[in-house]
Amino acid sequence: MKKTVIGLNLDHYVRALVGALILFVCILLPYASADGKTVSMLQALAARGNSYVDIILFGAVISAALSAVLGVVMFFKTTVGGVKLWQAVQAFSTAFFTLLLFSSKKILETAGLYGNFLNKNLGFGYWIGLIAAYFTLITVMRVTRTDRGYIILVILSVIWLFPVLWIVITSLRAEQGYYVGYFIPRGLTLKNYANLFSNQSVLPFGRWWLNTFIVAMCGCVFNTMIVLMTAFILSRTRFSGRKAFMNVLMIIGMFPGFMSLIAVYNILKGIGLNQSLLALIVVGAAGAAMGYHVTKGFFDTIPRALDEAAIIDGASRAQIFSKITLPLSKSIIVYIVLGGFLGAWSDYIFPSMLFGDKQSSYTVAVGLFWMTDFRRIDTYYTQFAAGAVLVALPIVILFVWLQRFYVEGLSGAVKG
Amino acid sequence: MSGQANSVIDKEIYKGRNFVTIFTKGDIFSKLSYIFCGLANIKNGQAVKGSIFLVLEILYLVFMKAKGLRLIADLMTLGTKTQSMVFNESVGIYETVQGDNSMLILLFGVVSVIVSAVFLAMWLFSIYSGERARARRELGKHVPGFIEDVRNLADKNIHFSFLTIPVIGLLTFTVTPLIYMILMAFTNYDSEHQPPGNLFDWVGLENFKTLLSSSDRLSATFWPVLGWTFIWGISATFSCYFGGMILAMIINSKGIKLKKFWRTIFVITYAIPGFISLRFVATMLGERGIFNVLLQKWGFTEGALPFLTNTMWARVSVIVVNFWIGVPVTMLMVSGILMNIPNELYESAKIDGAGPVTIFRKITFPYMLFVTTPYLIANLIGNFNNFNAIYFLTAGAPNSLDYFKGAGKTDLLVTWLYKLTRDSNDYNLASTIGIIIFVISAIFTLITFSRSGSMKNEEGFQ
């Protein structure tokens, strides 16, 4: 065949057609075989019980047949729209065949064909069909010049979002308890959220949330100021001892941070700050200078000539900082603020050591961790999920919103 | 007066005399200012500055006389009086008599040493400052007064004003505790020597010896934990690195529409605070967790899989879960760099007939590796010390009877360190491990330094 259609790459057409035909044949080949009994997909469909998952089997058979028909028709009368349609049908067929991997057990058991079905009992017809489905989809996408990356992205997205989905579902689940033998809850409720804030609850979650918010806000302000000032000095000024100071910071940074927390705790006790939120803020700000690297890297890329011109015009260094450097550093400031804010929400070790069993000062990280202890998890699992959503939601929104700055900050740190 | 001219004069002044010759060649005021700080300043027209030096010195001496000297002397012994029960005849009962508290002695001793170090720095500074005032006056240059000095804090000497708070913070809450903990590695402050009931004492390098080369259980725990730390660090870093790079390349390839949408999907897992996603995934991986429920419901397995309870399974699980969390980070970072690769490179490669695999092997990957080596090594160090991933996921479990108390098969050095301080109070061992971690990090950082152009040549961009 030497046909050409604008917008299509027909070199792969025959291969796609063969794939679609093999897929069609697989409907008739053994779908499952166990206990000395073998059934094809059509037989399984004929014997179906009364279960909503039968739709998947139904869809797989119909879409496979339709895809083969479309492939043959398009062979004789090739149009761009037709091949696009074929591609869509084939995408459905591939999706259904993949879903069969997760639903065959239920389909075959409700159909009464098998007692205790395991996926290793799936017949060779199914496996060849699965491979053929993906092969056909890929080759059809080659024909339509669509990026095959979509297949990988869809599969990865499902895997990546699955745990997130489970957190959200659990937080809305009416049935309490850690163990449930199913994925979709029997009943939905918002009570898990309400319970976190109700007065009868033993968990002062509202208090924890507020504590963390206060620490995060103060941390943002102080840490950002300290990081900006340190990075500015180390990047824009030269003085004796500068290199030594940077080396000392680097050496300190190589020790595992929480090794010295017990000493920090004793010092805080000495100045009477233990078990208070202020201690968290102070200690956070005190160590903030250690994180100057990324910011300094960013400041380093601002041309020196700007500073020199300002000095000639009579500006002081403090004015250069506030009038030139800061206005040029919007993305890095967002990066630090976001980092500081996030850090306060997920910091666990130091607050847990600082507050011990003083529950009213807990931050959400300590509180939520306390809830997942194996002695309490059965009681608090759904509430834990609700709390997790309440903590994660604002951060995710903030993050998605400010993503661009974060990327700029990150990639600024590693260039060259 | 411009900064340029100033620094030229400064250079001229300092060429003349150094720390020793300031004393030998100086006049009587310069000589005396080695004992009475600030005298040279006072004499040379900087009365306020000189007086401040003098007052600070007096304060320091008073502190040393009242407390400091004894505190530093106590460091030698770490306390001699054990807490004991003494019969009080007047009341007729046994009473506890407070002994020395080795821990506080060590802490306060370190504080005194730090205060002394700070004073030493001020002393040196005052000598040079006095010398500068003298030289300026003798050269007939203007000697800045106090007001002018203060004004300079916003300009020429801005590093003093901007760095004061960070330095004080670091000294109090980072340096002091760190020195205290480092010293602890050379004591026997373990679960059997807990103050205030007991004293602990200096033991030299004993802890390092038992940890590294004794035949007992400690050493039999240390080496396997170190080995797993390395395996974990390398597999976690490289799996996320390549995974993230491939994902970024897919999302950034020309044919993909809605790039921002796809990126956001993956960013969601990164934006959820680590402790939440890790704790939650840990519950999902449990024996009755949702993964096991679904695997059985879907007909993949007949019984529950030991995701977190079998050593091999648990180790693979933590690496896989870390992959789930780590890939989006690399993806975000790599996205920026990928866009910087010159497009001509790709086009000419395509004209020469290179396939996507060849392009990746010959262009994308070498370029990425070149740019991201420092990041990669920093990431490797970060993963050796990745406390969160392990502690929130398995807390080191499954525990093993072959290991020293509490350590488990997925414990990294850091999580073991944390358990030693929190659960069994073996601070000496924890500090020893901390120092070993430091040595490992230092070695890798040195490699980064020798490899990376951006660290060697920091002026390159300006």
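Annotations
- Failed condition for A:Lys105, given (1) surrounded by 21 or more Cβ atoms within 10 Å (Cβ to Cβ); (2) in a loop (DSSP other than H, G, I, E, B): (2)
- Test for A:Ile262: is it within 19 Å of B:Val175 (Cα to Cα), touching a Cys at 6+ places or on another chain (Cβ under 8 Å), among the hydrophobic types (A, V, I, L, M, F, W, C) and touching a residue at least 24 places away in the same chain (Cβ under 8 Å): no
- Filtered residues of the range A:265-305 (kept if under 12 Å from A:Leu228 (Cα atoms) and among the charged types (D, E, K, R)): A:Lys296
- For the range B:403-432, filtering for residues that are surrounded by fewer than 21 Cβ atoms within 10 Å (Cβ to Cβ), in a loop (DSSP other than H, G, I, E, B) and within 11 Å of chain A (Cβ to nearest Cβ) leaves 1.
- Highlighted here are the helices (runs of 4 or more DSSP H) found entirely within the range B:283-378 that include at least 1 residues which are open to solvent by 30 Å² or more (accessible area, probe 1.4 Å), within 11 Å of another protein chain (Cβ to nearest Cβ) and farther than 29 Å from B:Trp262 by Cα: B:290-297.
- When the range B:389-402 is filtered for residues that are surrounded by fewer than 20 Cβ atoms within 10 Å (Cβ to Cβ) and within 12 Å of chain A (Cβ to nearest Cβ), the ones remaining, listed by number, are B:Ala395, B:Ala397.
- Within the range A:286-295, considering residues that are open to solvent by less than 20 Å² (accessible area, probe 1.4 Å) and not in a loop (DSSP other than H, G, I, E, B), the one farthest from the other protein chains (Cβ to nearest Cβ): A:Thr295
- Extreme residue, farthest from A:Ile6 (Cα to Cα), among residues of the range A:37-89 that are without any contact (Cβ under 8 Å) to a residue 40 or more places away in the chain and among the β-branched types (Val, Ile, Thr): A:Ile55
- Test result for B:Asn383, under 30 Å from A:Gly291 (Cβ atoms) and within 11 Å of another protein chain (Cβ to nearest Cβ): no
- Positions within the range B:288-314 being touching a Ser or Thr at 6+ places or on another chain (Cβ under 6 Å) and over 21 Å from A:Pro185 (Cα atoms), in sequence order: B:Phe307, B:Leu308, B:Ala314
- Some residue of the range B:414-433 being of a type in the set (Asp, Glu) and within 30 Å of B:Val281 (Cα to Cα): yes
- For A:Thr4, the criteria (1) touching a residue at least 60 places away in the same chain (Cβ under 8 Å); (2) within 23 Å of A:Gly71 (Cα to Cα); (3) polar (S, T, N, Q) hold in every case but one, which is (1).
- Any pair with Cβ under 8 angstrom, 6 or more apart, that starts in the range B:102-126 at a residue that is away from chain A (no Cβ under 14 Å) and ends at one that is assigned to a helix (DSSP H, G or I) and of a type in the set (S, T, N, Q): B:Ser126/B:Asn41
- Count of the range A:86-110 residues which are within 19 Å of B:Phe300 (Cα to Cα) and within 14 Å of chain B (Cβ to nearest Cβ): 13
- Listing of helices (runs of 4 or more DSSP H) fully contained in the range B:37-155 that carry 2 or more residues being among the hydrophobic types (A, V, I, L, M, F, W, C), in the same structural domain as B:Asp190 (by TED's automatic domain parsing) and open to solvent by 80 Å² or more (accessible area, probe 1.4 Å): B:47-63, B:69-77, B:102-138, B:146-152
- Residue match in the range B:308-319 (condition: farther than 28 Å from B:Val267 by Cβ, assigned by TED's automatic domain parsing to the domain that holds B:Thr229 and touching a helix residue (DSSP H, G or I) at 6+ places or on another chain (Cβ under 8 Å)): no
Conditions (1) under 20 Å from A:Gly270 (Cβ atoms); (2) within 8 Å of another protein chain (Cβ to nearest Cβ); (3) open to solvent by 20 Å² or more (accessible area, probe 1.4 Å); (4) touching a Ser or Thr at 6+ places or on another chain (Cβ under 7 Å), marked per residue:
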residue: B:Phe160; (1), (2), (3), (4): no, no, yes, no
residue: B:Pro166; (1), (2), (3), (4): no, yes, no, yes
residue: B:Leu170; (1), (2), (3), (4): yes, yes, no, no
residue: B:Thr176; (1), (2), (3), (4): yes, yes, no, no
residue: B:Ile179; (1), (2), (3), (4): yes, no, yes, no
residue: B:Ala185; (1), (2), (3), (4): no, no, no, yes
residue: B:Ser191; (1), (2), (3), (4): no, no, yes, yes
residue: B:Pro196; (1), (2), (3), (4): yes, no, yes, no
residue: B:Asp201; (1), (2), (3), (4): no, no, yes, yes
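- The set of residues from the range A:160-176 being within 8 Å of another protein chain (Cβ to nearest Cβ) and buried (at least 17 other Cβ atoms within 10 Å of the Cβ) comprises A:Trp160, A:Pro163, A:Val164, A:Trp166, A:Ile167.
Each row is one residue, and each column tells you yes or no for (1) more than 14 Å from every other protein chain (Cβ to nearest Cβ); (2) surrounded by 16 or more Cβ atoms within 10 Å (Cβ to Cβ); (3) of a type outside the set (Lys, Arg); (4) touching a helix residue (DSSP H, G or I) at 6+ places or on another chain (Cβ under 9 Å).
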{"residue": "B:Leu218", "(1), (2), (3), (4)": "yes, yes, yes, yes"}
{"residue": "B:Thr221", "(1), (2), (3), (4)": "yes, yes, yes, yes"}
{"residue": "B:Gly233", "(1), (2), (3), (4)": "no, yes, yes, yes"}
{"residue": "B:Gly244", "(1), (2), (3), (4)": "no, yes, yes, yes"}
{"residue": "B:Asn252", "(1), (2), (3), (4)": "no, yes, yes, yes"}
{"residue": "B:Gly255", "(1), (2), (3), (4)": "no, no, yes, yes"}
{"residue": "B:Leu258", "(1), (2), (3), (4)": "no, no, yes, no"}
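- Residue in the range A:143-158 that is least open to solvent (accessible area, probe 1.4 Å), counting only those that are more than 8 Å from chain B (Cβ to nearest Cβ) and modelled with pLDDT of 90 or more: A:Ile151
- Exactly one residue among A:Tyr150, A:Tyr134 is aromatic (Phe, Trp, Tyr), without any contact (Cβ under 8 Å) to a residue 40 or more places away in the chain and over 17 Å from A:Thr38 (Cα atoms), and that residue is A:Tyr150.
- Helices (runs of 4 or more DSSP H) wholly inside the range A:313-380 containing at least 2 residues that are away from chain B (no Cβ under 13 Å) and open to solvent by 30 Å² or more (accessible area, probe 1.4 Å): A:330-346
- Test: A:Thr139 is in a helix (DSSP H, G or I), in the same structural domain as A:Ala91 (by TED's automatic domain parsing), open to solvent by less than 10 Å² (accessible area, probe 1.4 Å) and not aliphatic (A, V, I, L, M): yes
- Unmet requirement for B:Ile435, which otherwise passes all of (1) within 24 Å of B:Asp201 (Cβ to Cβ); (2) under 15 Å from the mean Cα position of the chain (by Cα); (3) surrounded by 22 or more Cβ atoms within 10 Å (Cβ to Cβ): (3)
The values are calculated or read from the model by the stated rules, or taken from the named source; none is laboratory data. Keep in mind that this is a model prediction, so the values were computed, not measured. Virtual Cβ from ideal backbone geometry, glycine too; neighbours counted across all protein chains shown. These area figures cover heavy atoms from the full protein model, side chains too; ligands, DNA and RNA do not enter into them. Shrake-Rupley method; radii C 1.70, N 1.55, O 1.52, S 1.80 Å.
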